[in-house]
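Peer 1: Have a look at this one before I ask anything.
The values are calculated or read from the model by the stated rules, or taken from the named source; none is laboratory data. Everything numeric in this text was worked out from a predicted model, so none of it was measured. Positions of Cβ are generated from backbone atoms using ideal geometry, with glycine treated the same way; all protein chains shown enter the neighbour counts. Heads up: the accessible areas ignore ligands, DNA and RNA and are worked out on the full protein's heavy atoms, side chains in. Shrake-Rupley method; radii C 1.70, N 1.55, O 1.52, S 1.80 Å.
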Amino acid sequence: MPFQNFTARLRRSTSLSELTKHLEFEMNGVARFGFVAGQWLSFKTNMPNGEEITRAYSIASPPSDDNRFALCLNRVQDGFMSNFLCDMREGDEIRCQGPFGDFILRPPMRDTIFVATGTGIAPFRSMLRWLFAPSSVSDQDVPGRPSSIHAQARHREHQLYLIFGNRTEKDIYYHDELLRLAQEHANFRYLPTLSRGGPDWQGLRGYVQEHLPAIAQGRTDMHAYVCGLDKMVKANRDLLKSLGWDRKSILYEKYD
């Protein structure tokens, strides 16, 4: 399916941390914006010297029956686009293209491990909220894309795990939302882990790959999805392969 050009209008901007924003947009001129959970958009704007700049960001919201989507992104020092987006005010507009990407849930659904650090949580927030949405919500039927996982069987009888690594507790994006999701669904385990957790932190400590074997050992019938910076992605891919996993069962997206 050829990509489409859109203009997106900012509806709401929310701070997730000192340097991180949750941005909610709507696409102008369309009643429904179709995408598959896990995909990304390419954003375009012009720098002060007139040069066009393009950057890609994962969609952090689930597919729905309207024209809205969200992003989760950090301000990057000297990064023009990330700062431009974070500085947008409600009602401001930006050009974008898409959706793009094959970092999407692979049918048939299996028990699944999601591994994320930082803003690598964005595509998993999209996937998890879609998986646990009521069956009336959009079933991801996007022309030209792989067969969707039917709404009535999105997560039925499958165990889902999210290992989410950050430095400190204040860096855990969507923490309360993910805790609620785990409380509401017995087959979803949310496992935040901190590399620099304070003395009051009661959860896991250390890096995400330290906690992966407890779930993945002897479970080569699962899918794993890994998203974050290259070093983390490589460490987890290598670990899973050392545990006997087929590389085709390990899907990943790198943010650098």
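Peer 1: Mind ordering 115-128, 184-197 by average Cβ neighbours within 10 Å, highest first?
Peer 2: 115-128, 184-197
Peer 1: Same structure, new question: Pull out the extension gain between Lys248 and Asp78, defined as 0.36 nm times the separation in residues minus the alpha carbon to alpha carbon distance; nm, one decimal.
Peer 2: This chain segment gains 57.5 nm when fully extended.
Peer 1: Per residue, how much accessible surface does the range 1-97 expose to a 1.4 Å probe? Answer in Å², no decimals.
Peer 2: 50
Peer 1: Turning to a different aspect of this structure: Report, in whole Å, the centroid distance computed from the Cα atoms of the range 14-60 and the range 175-236.
Peer 2: That distance is 26 Å.
Peer 1: In addition: Among residues other than Phe114 whose Cβ falls under 11 Å from its Cβ, what is the net charge (Lys/Arg +1, Asp/Glu -1)?
Peer 2: +2
Peer 1: Going by a ≥ b ≥ c, the root eigenvalues of the Cα gyration tensor, does the range 1-87 fall in the rounded group (a/c under 1.5), the prolate group (a/b larger than b/c) or the oblate group? Show your work: numbers first, answer last.
Peer 2: Values: a/c = 1.89, a/b = 1.30, b/c = 1.46.
Cα axes put the range 1-87 in the oblate bin.
Peer 1: Right, here's the next one. On the accessible surface of the chain, probed at 1.4 Å, how many percent belong to carbon and sulfur atoms?
Peer 2: Answer for the chain: carbon and sulfur cover 46 percent of the accessible area.
Peer 1: Straight-line reach from Lys248: which aspartates and glutamates have a Cα under 17 Å away, not including same-chain ones fewer than 8 places off?
Peer 2: In chain and number order, the partners are Asp102, Asp111, Asp221, Asp238.
Peer 1: Grab the DSSP H runs of the chain that are 4 residues or longer, score each as -39,500 (n - 2.57), total them, divide by all residues and round the 222 nm result to the nearest 500 deg cm²/dmol.
Peer 2: -5000 deg cm²/dmol, from helical runs alone.
Peer 1: Which entries in Lys21/Lys170; Lys44/Lys231; Lys234/Lys254 show an alpha-carbon gap greater than 19 Å?
Peer 2: In this structure, Lys44/Lys231 exceed 19 Å between Cα atoms.
Peer 1: While we're here: With a Förster radius of 45 Å, plug the Cβ-Cβ distance of Asn46 and Thr168 into 1/(1 + (r/R0)^6) and report the FRET value to the nearest 0.05.
Peer 2: 0.80
Peer 1: Multiply the residue gap between Leu19 and Phe3 by 0.36 nm, knock off their C-alpha separation, and tell me the result in nm, one decimal place. Show your work: numbers first, answer last.
Peer 2: Values: separation 16, 0.36 × 16 = 5.76 nm, distance 3.06 nm.
Result: 2.7 nm gained on full extension.
Peer 1: Suppose every K and R has +1 on its Cβ and every D and E has -1 on its Cβ; what is the size of the dipole of the chain about the Cα centre, in Debye to the nearest 20?
Peer 2: Details: 32 positive and 30 negative charges, 90 e Å.
Roughly 440 debye for the chain.
Peer 1: Would you kindly state how much longer the chain becomes between Lys234 and Asp102 on full extension, computed as 0.36 nm times their sequence separation minus their alpha carbon distance, in nm to one decimal?
Peer 2: Details: separation 132, 0.36 × 132 = 47.52 nm, distance 1.84 nm.
Length gained between Lys234 and Asp102: 45.7 nm.
Peer 1: Here are labelled values, [x] -0.24, -0.31, -0.39, -0.60; [y] -0.20, -0.27, -0.34, -0.52; [z] -0.28, -0.36, -0.45, -0.66, and one is the computed log10 I(q)/I(0) by the Debye sum over Cα atoms at q = 0.07, 0.08, 0.09, 0.11 Å⁻¹ for what I pasted. Which one?
Peer 2: Among [x] -0.24, -0.31, -0.39, -0.60; [y] -0.20, -0.27, -0.34, -0.52; [z] -0.28, -0.36, -0.45, -0.66, the one calculated here is [x].
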